[in-house]
4 protein chains.
Amino acid sequence: MPSQPTTSTLPGEPEPSRRRRKEARPQELLDAALDLFVEKGFAATKIDDVAARAGVSKGTVYLYFPSKEELLKAVIRHNLSLTIAQGDGIVAQFDGPTADLIRLVANTWWERVGETQASGIFKLIITEVRNFPDLARFYAEEVIEPGERLIVRLLQRGVDRGEFRPTNLYDTAHSLIFPMLMLCLHKHSIGACSAAEAIAKNPSGFIANHIDLMLHGLSVPRAG
Amino acid sequence: MPSQPTTSTLPGEPEPSRRRRKEARPQELLDAALDLFVEKGFAATKIDDVAARAGVSKGTVYLYFPSKEELLKAVIRHNLSLTIAQGDGIVAQFDGPTADLIRLVANTWWERVGETQASGIFKLIITEVRNFPDLARFYAEEVIEPGERLIVRLLQRGVDRGEFRPTNLYDTAHSLIFPMLMLCLHKHSIGACSAAEAIAKNPSGFIANHIDLMLHGLSVPRAG
Amino acid sequence: MPSQPTTSTLPGEPEPSRRRRKEARPQELLDAALDLFVEKGFAATKIDDVAARAGVSKGTVYLYFPSKEELLKAVIRHNLSLTIAQGDGIVAQFDGPTADLIRLVANTWWERVGETQASGIFKLIITEVRNFPDLARFYAEEVIEPGERLIVRLLQRGVDRGEFRPTNLYDTAHSLIFPMLMLCLHKHSIGACSAAEAIAKNPSGFIANHIDLMLHGLSVPRAG
Amino acid sequence: MPSQPTTSTLPGEPEPSRRRRKEARPQELLDAALDLFVEKGFAATKIDDVAARAGVSKGTVYLYFPSKEELLKAVIRHNLSLTIAQGDGIVAQFDGPTADLIRLVANTWWERVGETQASGIFKLIITEVRNFPDLARFYAEEVIEPGERLIVRLLQRGVDRGEFRPTNLYDTAHSLIFPMLMLCLHKHSIGACSAAEAIAKNPSGFIANHIDLMLHGLSVPRAG
DNA sequence: AATGAATGAGTGTTCATTCAT
DNA sequence: GATGAATGAACACTCATTCAT
């Protein structure tokens, strides 16, 4: 279930040169490892399987990563660096109503994270932080804090412009983002088993409903 | 970190009779196993550690559960049976405004699940369904479906009584419940590492804010 | 080539009880490990082979020794403690000519060390000190220093009593002991391959000749 | 720790021509391999390290030696051919007292073997013969037998000339040579770890004392 | 019932060897 | 010739499971 084919040459394609392979390897291995760590968990994933999915032999994994644990950390680091500061740019230059901005940010995030392989990183974090506690600091600094700051800034903008009523912005930020994260977790757990689930079938519909609900919940009561 | 003491006798307590201990064994083992499966994951948990935490020797675990996998299933079954049909009673006999009913159900759930050891079950499910896919059917039937039905019924009650505007009730149910589940997940992952997190410090405040936001979001727009 | 049978029960013998086995295990494993480490070297010895020679399975080795390296250290520690202070007693209470005392000590040492499995320890030390340098301090303190002191005291006794001419006693001590150590090394290297070697056939003869030569070498020149 | 520089060019030295380097390769590899085999043992030495010490890449080793085992044999063969028949020339043309001849041979040997990298070969032999038993025959024929013959001839010369009393010449030869060999072994084992050892500090003094002791031991008792 | 010694299949990691460049 | 990426067999070590006590 990798989102990009990472296995060795398909028939018909020219065999990539040794040098080109070497440059592509780490990425291929990280993709394979993300897939498997997310699917099975760190402990239940065999290095042999990571290697096989990347189309190489077991020893090759150790040419690029000194241990299974370092591979895990590299997977997380690599996929987090994709995530951070994704939204900051959008927010800075947007000019219209905050409701539209929030919808834009949510949809962009869903396209770039939720629908890609990277969505698995959240399950991986939740699964493995307790076993590798230094991941916690890493994740808090790289994702949670910038992410919270971004959303709080968004909400503050709405309040400042008289669009939103005041609430506890940190709590509200979590009410906004948590269902989106659950969507990612769901996709890589129950959603991967029983396809017969409404939410798995139409995540965009769910997101639209969720954002509407939240925006309505934040709307300023009519003076009366 | 078990919420109930599961280890052997503390000095000062009266030694429980041998019979008491024997009858309590399976429960103690299930508690110990839940703790460890949640903390470390199934694959990274050693039977030895489960036994040690329950205050027995390794062999004893096998007197009660035929294999590690069956122990996992028993843990899940046992903790799910606590969960299911918890709220049905409350709903049936409640008479006031749906907003109050929802607050009551949410707070009751948080007390009985979120604040207890049982809150870990959601992390366990998310972590392990893909490795033990028959858990999926089990969980869907025992938790997801009754849970969704309960919340949808709640929301429908609000709509029927003219308290809530109409929305996609399944999506809205998920918007309502997902942040509560994330609270449980958080508590057993990041929240267990860096205590310096707003959300971890005041979950009840977060729940109150979340429910308010949702109820406001569901409120019927003023005619006019 | 173990000097005592260490493998599991011979047919006809009563099966030793589980408890008795547990007490005997470490010794059996140390004997097996000494044999193999001496024969093949540390790196080339497989834990599987140690286990097989001791008549147990691989996992059992790890019940008693936490790693291969600790097993090595235990082997050395165990075999050195046999060695230290072996001669001190003899020397203290001897009364006759120093020449006789030296012959007695040499023969006793040969019987108790040279002819037993423990003779392999010297090869093991020489082979492995550079890879495990903290063995060096250990060996220097436990064997070299007490050993040198013993022999120097012996020689000094001879000089004091006018039996030996004065020489550099440390150098002479080494001239005395080194050929005995070479005999041990030889036995576990070349001597184990080509049996057709004079020295391997008659070590006691060699020792007698060597001691005679040394004693004659130490004898006081006739006043002339 | 090689006694001759075997690594690639030092800054300031003229860069050897490519041809020079190529012709020197096998010698450089043999030197590097001897160092490492002696230091760590055959099994614990990595081809990668041999290559690195010789300043080439791993693949290059296989251009010159078909396998690690053949490299070992080449190292031994090469260092033995240095050793054999070193002394025969000296003995043939010497004319004075046998005592002087023995001192000359011993000192020459120590200069040419004991003080050079080649002294490690004895440790290597003792360490590895049991794993590669055909080395035994090789070593016996090339070193032990010629060496013994040489020393026995020396001793016989002394007896024939009335300088030495008769003894078992084979045993005496071993008494003479074993301490010298132990000096080599010591240098590459304990001596390489704890420098604070009398013997390691003044090997020539030890040799002088040892030969004196032996010669005195062999001296003809005064008639009387 | 309870124990914990023993097992051996399974997995992370290493490293001699190969071979395309 | 020289390189170093890739391989995969081999080995240290772990741990679920069994069973004699």
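Remarks
- Only one of the listed residues (C:Pro2, C:Pro16, C:Pro11) is at pLDDT below 80, within 13 Å of DNA strand F (Cβ to nearest atom) and surrounded by fewer than 19 Cβ atoms within 10 Å (Cβ to Cβ). That residue is C:Pro16.
- Residue count for the range C:156-173, restricted to those that are of a type outside the set (Phe, Trp, Tyr) and within 11 Å of chain D (Cβ to nearest Cβ): 7
- Conditions (1) more than 14 Å from DNA strand E (Cβ to nearest atom); (2) open to solvent by 20 Å² or more (accessible area, probe 1.4 Å); (3) closer than 30 Å to A:Asp35 by Cα; number of the one not met by B:Val105: (3)
- Condition met for C:Asp31 (acidic (Asp, Glu) and open to solvent by 20 Å² or more (accessible area, probe 1.4 Å)): no
- Of all residues in the range C:155-180, those satisfying the criterion of being buried (at least 22 other Cβ atoms within 10 Å of the Cβ), part of a helix (DSSP H, G or I), in contact with a Ser or Thr (Cβ under 9 Å, 6 or more places away or on another chain) and not small (Gly, Ala, Ser) are C:Leu155, C:Pro179.
- Pair list, Cβ under 7 Å, 6 or more apart: the range C:44-66 residue within 14 Å of chain D (Cβ to nearest Cβ) and in a loop (DSSP other than H, G, I, E, B), other residue near DNA strand E (Cβ under 10 Å from one of its atoms) and not charged (D, E, K, R): C:Ala44/D:Ala43
- Among the conditions (1) without any contact (Cβ under 8 Å) to a residue 60 or more places away in the chain; (2) over 21 Å from A:Arg149 (Cα atoms), A:Ala92 misses just one, which is (2).
- Against the test of being within 13 Å of the chain's Cα centre (by Cα), more than 16 Å from DNA strand E (Cβ to nearest atom), among the aromatic types (Phe, Trp, Tyr) and within 14 Å of chain D (Cβ to nearest Cβ), the options C:Phe37, C:Phe122 yield a single qualifying residue, C:Phe122.
- Those residues of the range A:67-82 which are of a type in the set (Ser, Thr, Tyr) and in contact (Cβ under 8 Å) with a residue 24 or more places away in the chain, in sequence order: A:Ser81
- Taking the range A:21-51 as the range and being of a type in the set (A, V, I, L, M), at pLDDT 95 or above and within 10 Å of DNA strand F (Cβ to nearest atom) as the test, the residues that pass are A:Leu29, A:Ala43, A:Ile47, A:Ala51.
- Residue count, the range D:125-146 (criterion: in contact (Cβ under 8 Å) with a residue 40 or more places away in the chain and either more than 8 Å from chain C (Cβ to nearest Cβ) or buried (at least 20 other Cβ atoms within 10 Å of the Cβ) (or both)): 11
- Residue check for A:Leu169: hydrophobic (A, V, I, L, M, F, W, C), in contact with a Leu (Cβ under 6 Å, 6 or more places away or on another chain) and without any contact (Cβ under 8 Å) to a residue 60 or more places away in the chain: yes
- Test result for C:Arg25, away from DNA strand E (no atom under 12 Å from the Cβ), away from chain D (no Cβ under 14 Å) and surrounded by fewer than 22 Cβ atoms within 10 Å (Cβ to Cβ): no
- Looking only at the range C:67-81, and only at residues there that are within 14 Å of another protein chain (Cβ to nearest Cβ) and open to solvent by less than 10 Å² (accessible area, probe 1.4 Å), the one that is nearest to DNA strand F (Cβ to nearest atom): C:Leu72
- Filter result for B:Ala92 (assigned to a helix (DSSP H, G or I), within 16 Å of DNA strand E (Cβ to nearest atom) and more than 14 Å from every other protein chain (Cβ to nearest Cβ)): no
- Only one entry in D:Val113, D:Val105, D:Val152 is in a helix (DSSP H, G or I) and within 14 Å of chain C (Cβ to nearest Cβ), namely D:Val152.
- Scan of the range D:181-196 for residues that are more than 9 Å from chain C (Cβ to nearest Cβ) and either open to solvent by less than 40 Å² (accessible area, probe 1.4 Å) or within 15 Å of the chain's Cα centre (by Cα) (or both), ordered by number: D:Cys184, D:Lys187, D:Gly191
- Among residues of the range D:47-81 being among the charged types (D, E, K, R) and out of contact with any helix residue (DSSP H, G or I) (no Cβ under 8 Å at 6 or more places or on another chain), the one that is farthest from DNA strand E (Cβ to nearest atom) is D:Glu70.
The values are calculated or read from the model by the stated rules, or taken from the named source; none is laboratory data. This one's a predicted model, so the numbers in the text were calculated from it and none came from an experiment. All Cβ positions, even for glycine, are placed from backbone atoms using ideal geometry, and neighbour counts span all protein chains on display. Protein only, heavy atoms only, side chains kept; ligands, DNA and RNA dropped before computing areas. Shrake-Rupley method; radii C 1.70, N 1.55, O 1.52, S 1.80 Å.
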